[in-house]
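For reference, the structure is listed below as structure tokens.
The values are calculated or read from the model by the stated rules, or taken from the named source; none is laboratory data. Note that the structure is predicted; figures quoted are calculated from it, not measured. So basically every Cβ, Gly included, is an ideal-geometry build from the backbone, and we count neighbours across all protein chains shown. Calculation scope for accessible area: heavy atoms of the full protein, side chains included, ligands and nucleic acids excluded. Shrake-Rupley method; radii C 1.70, N 1.55, O 1.52, S 1.80 Å.
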2 protein chains.
Amino acid sequence: MRQPNSAPQKATIHDVAARAGVSIATVSLALSGRGRMMAETRERVLRVVKELNFRPNAMARGLHSKRSFTVGLLTDDVYGRFALPVMQGVTEGLIDHGVSVFLCALEDNPVLAQSHLDALMEKQVDGIVVAGRRVDRILPVDLGGLTVPFIHVMSDGGPDRVSYLPDEEQGARLAVAHMVASGRRRIAHVTGPARFRVAGERAQGWRAELAEAGLAPHGPGAMFGRWSEAWGHEAVAELWASDEPPDAVFCGNDQIARGVIDALRERGVRVPADVAVVGFDNWEIVAEETRPPLSSVDMNLRELGRQAGLTLLEAINGAQVPPGVRRLPCVLRARASSAP
Amino acid sequence: MRQPNSAPQKATIHDVAARAGVSIATVSLALSGRGRMMAETRERVLRVVKELNFRPNAMARGLHSKRSFTVGLLTDDVYGRFALPVMQGVTEGLIDHGVSVFLCALEDNPVLAQSHLDALMEKQVDGIVVAGRRVDRILPVDLGGLTVPFIHVMSDGGPDRVSYLPDEEQGARLAVAHMVASGRRRIAHVTGPARFRVAGERAQGWRAELAEAGLAPHGPGAMFGRWSEAWGHEAVAELWASDEPPDAVFCGNDQIARGVIDALRERGVRVPADVAVVGFDNWEIVAEETRPPLSSVDMNLRELGRQAGLTLLEAINGAQVPPGVRRLPCVLRARASSAP
DNA sequence: CTGAAAGCGCTTACAG
DNA sequence: CTGAAAGCGCTTACAG
């Protein structure tokens, strides 16, 4: 490992100025392209900048501009299935603007959360992104006294804040419309616990799209259970105990869908010939390995993160960003499990 | 969204000094606890610090100390199954020392990678962690000219650098020893492509532990294939085509194990009664939903990240850290799939 | 025990 | 067109 004491000293603006035979002000001006100067002078400065591989010290610059060009990203998604794409989107959208992102993984620990927040504020972050793993869950931090703008993604900050969320209902409608279009008529919905807000929203989308297609919900209504494969199995047992089982199952997430498909195979019910199955989340590593590969609704998390990052940047730059929830459309990733 | 222009100005050391009726030097000294001063003065200063919620500006502090108390975390693991726990460990280990971590997701794009690296250097990071998703893969960045210490995790930086890796061979031996202890004698190994270094290391552990137990490898040797469920199915077909199928299968990862277990169920072979199955990675969300739940080797990625972060910190603080690979032991997470 | 001053590496009016 | 100076918010010798 290269040791810091053996490392070459970084060049400063004084080194550049001395070598180019100008003042540090001229170097600064040449670099920013602001003040107009003799083309020859500018070129000479820029040449030296390149020779010395000079990069302005962001801390010194920030001291003056009161902008650190950093933001903090708080998340409680320790597992990362949802937060990671969001995080990527945020960093991706911001790096083009020279903004770097501090990662803070909170994991339900208020003390840890507070120390992360303190560290961020000391580092003078220009803003904060709060990324949740579940919409109706509050992160263990008090953002009330924050002196910088912040924004929520995959977590609802309430009416006074800006929140970016997937359009769950629209995503559900996509899935149902897709099944209807391929001739399915008895479309059941198997999903997670009713206390999860997204479960209700997805069920609502299922119901609304069916109504629009002139179809009745299959069975007594949406089947709320758990977000697990095991629940998928159980739901199939229930559904196939009736006289008229469904010809399509729209599942609230990919794990349930996986359980449904496995259970159907064990019963000798063919997917997609007898029953179409569509999941939610488009968890690719699981969806692609399902037999047959699982069609699923993609929440576009990366794009969600990107837009949240850019909107935060606007707010940092002084724009008035009206508070409220912004929904981004989902897209359907059709695979074999829902073929006509 | 709270707008920056409406935000209360942050208190500076001058505000504190004025209000406490002392000089800024005294405030600084009181805060650092360095210079000795009248207890009463110190208390007065600290009281005002609290009243004004004063936090020293890290950029100003860093300008002087030439330490930013930040590090960069480069990773090419876009999916995040492996990198996320590592990232968490790194941040967790460092936040206690006041060090914040910049996240840079690289995803095979050298241009993006370079711009992330440039941003990090401008921000004056004190060091860099390089976290891979696969040991024998080089990240698309040239770290050669770096002027700060760096360290590798889940990626091998070669003989001149410090790298933290799981002890793959030891992990494999754990799995095999566990199966031997529960009476299994014909232990097969189904794993990923031979060109992956970890596949070779895990196979080596399997072979070594069997030898130590006085057992021969089951079949013609380790079965190299793909890191997928589908390969697990195919391998079962091969294995059960022989006269004497195994009574245990050690799998190179959890996806293969999942495929193996599913395939065995379809054949009516009982797990664990007839065959024990153990996976690798301890990918909990999958392992726990497998029927029966899957025993698996855990690489301790979080701890790996934590230690890497702390070692980087030592190097930053000037310690001489001898280069080379450091292996951390894996642990076995036994579940029902390998019960005696 | 406490304060005035220099300096960290920049940027930005302000002179000339 | 270019330079000298002030200032961003701290820390650290150095006086007193």
task: Would you be able to say whether some residue in region B:66-76 is within 16 Å of DNA strand C (Cβ to nearest atom) and of a type in the set (Lys, Arg)?
output: yes
Selection over region A:220-239 where residues are assigned to a loop (DSSP other than H, G, I, E, B) and open to solvent by 50 Å² or more (accessible area, probe 1.4 Å) yields a count of 3
Just one listed residue, out of B:ARG55, B:ARG47, is open to solvent by 70 Å² or more (accessible area, probe 1.4 Å) and closer than 30 Å to B:ILE128 by Cα, and it is B:ARG55
Checked region B:164-187 for anything charged (D, E, K, R), open to solvent by 10 Å² or more (accessible area, probe 1.4 Å) and either touching a helix residue (DSSP H, G or I) at 6+ places or on another chain (Cβ under 6 Å) or farther than 19 Å from B:ARG335 by Cα (or both); matches are B:ASP167, B:GLU169, B:ARG173, B:ARG185, B:ARG186
Selection from region A:288-317 of residues open to solvent by less than 30 Å² (accessible area, probe 1.4 Å) and under 22 Å from A:ILE151 (Cα atoms) yields A:MET299, A:LEU301, A:LEU304, A:GLY305, A:ALA308, A:GLY309, A:THR311, A:LEU312, A:LEU313, A:ALA315, A:ILE316
Over region A:58-82, the set of residues free of Cβ contacts under 8 Å to residues at least 12 places away in the same chain and surrounded by 15 or more Cβ atoms within 10 Å (Cβ to Cβ) is A:ALA58, A:MET59, A:ALA60, A:ARG61, A:LEU63, A:GLY80
The residue that is least open to solvent (accessible area, probe 1.4 Å), considering only those in region A:241-287 that are without any contact (Cβ under 8 Å) to a residue 24 or more places away in the chain and part of a helix (DSSP H, G or I), is A:ILE285
Matching residues in region A:201-219 (within 18 Å of A:ASN253 (Cα to Cα) and surrounded by fewer than 16 Cβ atoms within 10 Å (Cβ to Cβ)) number 1
Residues of region A:139-195 being more than 21 Å from A:VAL90 (Cβ to Cβ), of a type in the set (S, T, N, Q) and over 22 Å from the mean Cα position of the chain (by Cα), in sequence order, are A:SER182
Going by the conditions given, is A:PRO217 in a loop (DSSP other than H, G, I, E, B), more than 28 Å from B:GLU284 (Cα to Cα) and touching a residue at least 40 places away in the same chain (Cβ under 8 Å)? no
Item to check | Qualifying residue in region A:166-188 (condition: among the hydroxyl-bearing types (Ser, Thr, Tyr) and in contact with a Lys or Arg (Cβ under 6 Å, 6 or more places away or on another chain)) | outcome: no
Checked region A:113-130 for anything assigned to a loop (DSSP other than H, G, I, E, B) and out of contact with any helix residue (DSSP H, G or I) (no Cβ under 9 Å at 6 or more places or on another chain); matches are A:VAL125
The strands (runs of 3 or more DSSP E) lying wholly within region A:131-192 that contain at least 1 residues that are within 20 Å of A:PRO85 (Cα to Cα) and not assigned by TED's automatic domain parsing to the domain that holds A:PRO272 are A:150-153, A:162-166
For B:ARG34, the lone unmet condition from (1) within 11 Å of DNA strand D (Cβ to nearest atom); (2) modelled with pLDDT of 90 or more is (2)
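Each row is one residue, and each column tells you yes or no for (1) farther than 15 Å from B:PHE102 by Cβ; (2) in contact with a strand residue (DSSP E or B) (Cβ under 8 Å, 6 or more places away or on another chain); (3) within 16 Å of DNA strand D (Cβ to nearest atom).
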residue: A:ALA39; (1), (2), (3): yes, no, yes
residue: A:LEU52; (1), (2), (3): yes, no, no
residue: A:ARG67; (1), (2), (3): yes, no, yes
residue: A:LEU74; (1), (2), (3): no, yes, no
residue: A:GLY80; (1), (2), (3): yes, no, no
residue: A:THR91; (1), (2), (3): no, yes, no
residue: A:LEU94; (1), (2), (3): no, yes, no
Reported set for region A:319-340 where residues are among the small types (Gly, Ala, Ser) and open to solvent by 30 Å² or more (accessible area, probe 1.4 Å) is A:ALA319, A:ALA334, A:ALA336, A:ALA339
Check your understanding: Out of all the residues in region B:111-123, is one or more over 23 Å from A:ARG302 (Cβ atoms) and open to solvent by less than 10 Å² (accessible area, probe 1.4 Å)?
Key -> no
For region A:6-49, the count of residues that are in contact (Cβ under 8 Å) with a residue 24 or more places away in the chain, more than 27 Å from B:ARG67 (Cα to Cα) and small (Gly, Ala, Ser) equals 1
Among A:GLU289, A:GLU303, A:GLU244, A:GLU284, the single one that is acidic (Asp, Glu) and farther than 25 Å from A:ALA177 by Cβ is A:GLU289
Considering region A:144-160, residues that are modelled with pLDDT of 85 or more and out of contact with any strand residue (DSSP E or B) (no Cβ under 8 Å at 6 or more places or on another chain), and then whichever is nearest to the other protein chains (Cβ to nearest Cβ), we arrive at A:THR147
Of the listed residues (B:VAL135, B:VAL190, B:VAL141), the one being modelled with pLDDT of 95 or more and open to solvent by less than 30 Å² (accessible area, probe 1.4 Å) is B:VAL190
